[in-house]
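Let me begin by presenting the structure, written as structure tokens, before commenting on it.
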Amino acid sequence: MSSPEAESEPLAGPDLPAVAPQLRALRRRASLTLEAAARAAGLSPAHLSRLETGQRQPSLPMLLALARIYGTTVSELLGERVADRDAVVRAGDMEPTPAGGWTYWQAGSPGRGMQALRVHVPHGSQGDIVRVHPGEEWLYVLSGRLWLRLGDTTHRLAPGDSAHFDSLTPHRIAAQDPDGVELLFVHTLLQSPTAALCLGPTNGETP
């Protein structure tokens, strides 16, 4: 199984200015050395160091993995701060955030036991990424068609379809249409030393 840094990631730019300092601060708050955090995320220490110094930009799946390891949310990794946990999130307050080719909008209050996102996944953006981590995930397709691979089974989801699964099941998603896919995505935030992002080739198979 190859490491996450094998996945091509863009150099850091203006899209995620707060990620680098937040990654380092939250790792230290979790009392993790660079080596321990990198091992838990399936990264090399050198690659995690490049993320922390802003030389590389993490993908959204990698942000999700690091958030679980550090016991926080993607919002906090991105430096987003909300004073109160409002029950209602207004459409006008959902700012788009690009990460690793995906674009997502925070659709729920940060700092809770679940995180809700609206996500746009471009066609072919995920490559060979296969995710495995503790918790549960639920997704609902708003527009476009989506390939969802759970273990050895591949499902094709159309608008209005949803999926709810144990995220310890190796899973991979890919947008089938050239315009990508829009989906709602809810996942649990569990702290676990085994939380990791795994990569593996698909040998040319359908996602």
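Condition check ((1) surrounded by 15 or more Cβ atoms within 10 Å (Cβ to Cβ); (2) in contact with a Ser or Thr (Cβ under 9 Å, 6 or more places away or on another chain); (3) at pLDDT below 80) across all residues:
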position	(1), (2), (3)
43	yes, yes, no
73	yes, no, yes
95	no, no, no
106	yes, yes, no
110	yes, yes, yes
> Which residues, counting only those in the stretch 116-149, are at pLDDT below 80 and assigned to a strand (DSSP E or B)?
Replying inline: 129, 130, 131, 132
>> Being over 16 Å from the mean Cα position of the chain (by Cα), modelled with pLDDT of 85 or more and crowded, with 21+ Cβ neighbours inside 10 Å is true for just one of 37, 25. Which residue is that?
In response: 37
> Which one of 48, 77, 63 is modelled with pLDDT of 85 or more, crowded, with 21+ Cβ neighbours inside 10 Å, closer than 17 Å to residue 24 by Cβ and in contact with a helix residue (DSSP H, G or I) (Cβ under 7 Å, 6 or more places away or on another chain)?
Replying inline: 48
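The values are calculated or read from the model by the stated rules, or taken from the named source; none is laboratory data. Computed from a predicted model, the values in this text were never measured in an experiment. All Cβ positions, glycine included, derive from the backbone under ideal geometry; neighbour counts span all protein chains shown.
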